[in-house]
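Report on one structure; see the data block that follows.
What follows is calculated from the coordinates using simple rules that are stated; it is not laboratory data. In this text, all values refer to a predicted model and were calculated from it rather than measured experimentally. Positions of Cβ are backbone-derived with ideal geometry, glycine not excepted, and every protein chain shown enters the neighbour counts.
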Amino acid sequence: MLEFEFTEEQRALRDLAGSVAERTWTDDAVRAQLKTSAGFDREVWRTLGRDLGVLGLALPTESGEAVGGVVDLAIVAEEFGRVLAGVPLLGCVALAGTVLARSGDAAGLVPKIVSGETVVSLVATDARGAWAPERTGIIADGPVLCGEASHVLDAVAADAFVAVAQAEGRPSLFLVDAGAQGLAVEPLTTLDQTRRLGRVRFDGTPAQLLGEPGTSALDAVSAARDVGAVVLAAEAAGASARLLAMSVEYATARLQFGRPIGSFQGVKHRCADMHVAVEQSRSTAYHAAWTLDDPSLDDPRIAVDLATVETAADYQAVAKNTVQVHGGIGFTWEHPVHLYYKRAVSDASLLGGRAAASERLAAMVLDAALIQGAP
């Protein structure tokens, strides 16, 4: 497998995902979904899984083998991020699906996720919404759960939940049906309404233990976070590319003083900076994806955290520059730019966000420096 060289199948996958995305999630369609409770069309989601087969690229199918890898999933994520598709690719497929696959999938939910029939949400945040699988506020007392988690991805649309709870002092995974007694799900009003978050409360809620408690649970969640971070990074790269294209198109068509505004140095340099940011984002996102598929290429954790830090910063910078290039219409409700800007800001805090990734990278650099300096 050669890094940054896409196969013929992967190029065809990109064409398929891009074509579906452009037809399905036009700007008007995205705005219409903002008014729905789930934020996405369940029938479209089933079509993506059952008919097109793009939801199981990095998950085992009924045969027990994945049909692709993280690179393939990143390709789909990039094309979906380009149009702000509000589907649960991150929360259901990358996070919950990976956790279930890594923990043995005793409930047999992975094939249902792959087919688009079931939406599963991973509960790994604390009551304030911070990504905290090691210390969630959910407590398991035998077969029942009590506690609360906020800013849970796809909570409102979920048919089932995989919750990280403290069982006898150790983080463990539990499966909860969406209709279980004592379970309450509250939709949250957040900055980015194209990606729905909710608050989940357990009050004596019956649950099923998944896998082994302790280290194995955290290992599964850690692997899911890495895949989720790559999906976020790829979505950011796709969205940034769309914003750059919108800016160049507007700068070419908008006239000022009898000439296109793109001919002015200030606008021209701004677009050039955006182009560099887009290329940086794509490079780091796909390097992380390739590394998860083939760890011999690089340390996966370093590659994933670098992708998180780079794409989070680049996405926000490109979104801000797009607003500036578009001038007076750039911050109006009628223009789609503000939807991208809101997602860029919101995504920067998901899964621990850029700050947590920077801290991990800094710690690894310091550890390496200490080892090299040791006698």
Legend entry - the chain: angle of helix 353-373 to the longest principal axis, Cα-based, in degrees nearest 10: 80 degrees
Legend entry - DSSP-loop GluC sites (Glu not before Pro) across the range 296-374, with at most 10 other Cβ within 10 angstrom: GLU334
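So, with +1 on the Cβ of K and R and -1 on the Cβ of D and E, and no other charges, what is the size of the charge dipole of the range 8-114 about its Cα centre, to the nearest 20 debye? Kindly include the intermediate steps, with their values, before the conclusion.
On the way: 11 positive and 15 negative charges, 78 e Å.
Charge dipole of the range 8-114: 380 debye, to the nearest 20.
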Legend entry - Rg to Rh, two decimals, where the chain supplies the alpha carbon set and Rh follows Kirkwood: 0.99
Legend entry - In Å, descending, principal axis extents of the Cα set of the range 8-114: 40, 36, 20
Legend entry - Charge dipole of the chain about the Cα centre (unit charges at C-beta), most positive-ward option of ALA155, LEU292, ALA253: ALA253
Inset, instruction - May I ask you to list the GluC sites (Glu not before Pro) in the range 67-142 that are in a DSSP loop and have at most 16 other Cβ atoms within 10 Å of their Cβ? - result: GLU117
Inset, instruction - Any chance you could give the angle, 0 to 90 degrees and rounded to 10, that helix 70-82 forms with the longest Cα principal axis of the chain? - result: 50 degrees
Inset, instruction - Give me the angle, in degrees from 0 to 90, between the Cα long axis of helix 337-347 and the longest principal axis of the Cα atoms of the chain, rounded to the nearest 10. - result: 40 degrees
Legend entry - Span from the the range 180-210 Cα centroid across to the the range 97-118 one, whole angstrom: 19 Å
Legend entry - Difference of contour (0.36 nm per residue) and Cα-Cα distance, ASP177 to ALA127: 16.0 nm
Inset, instruction - Count the net charge of all other residues whose Cβ sits under 12 Å from the Cβ of GLY129, scoring Lys and Arg as +1 and Asp and Glu as -1. - result: 0
Legend entry - Viscosity 0.692 mPa s, temperature 37 °C, Stokes-Einstein D of the range 120-215 from Kirkwood C-alpha radius, µm²/s: 255 µm²/s
Legend entry - Proxy reagent accessibility, fewest Cβ within 10 Å first, across TRP131, TRP333: TRP333, TRP131
Legend entry - Residues LYS268, LYS320, LYS35, sorted so that the one with the fewest Cβ neighbours within 10 Å comes first: LYS35, LYS268, LYS320
Legend entry - Estimated dipole of the range 219-302 in Debye, rounded to 20 [Cβ of Lys and Arg +1, of Asp and Glu -1, Cα centre]: 740 debye
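Counting Lys and Arg as +1 and Asp and Glu as -1, each charge on the Cβ, what is the dipole of the chain about the Cα centre in debye, to the nearest 20?
Once rounded to the nearest 20, the dipole reads 1400 debye.
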Legend entry - Cross-link reach list, lysines versus LYS320, counting only Cα pairs under 28 Å and skipping chain neighbours closer than eight places: LYS35, LYS268, LYS342
Inset, instruction - Would you mind ranking VAL67, VAL152 by Cβ crowding within 10 Å, fewest neighbours first? - result: VAL67, VAL152
Inset, instruction - In whole Hz, with x marking every Gly and Pro, tabulate ³J(HN,Hα) for the range 262-272 from phi via Karplus 6.51 cos²θ - 1.76 cosθ + 1.60, θ = phi - 60°. - result: x, 7, 7, 4, x, 6, 4, 5, 5, 5, 5
Legend entry - Residue-count net charge about VAL325 - beta-carbon cut-off 15 Å; Lys, Arg +1, Asp, Glu -1: +3
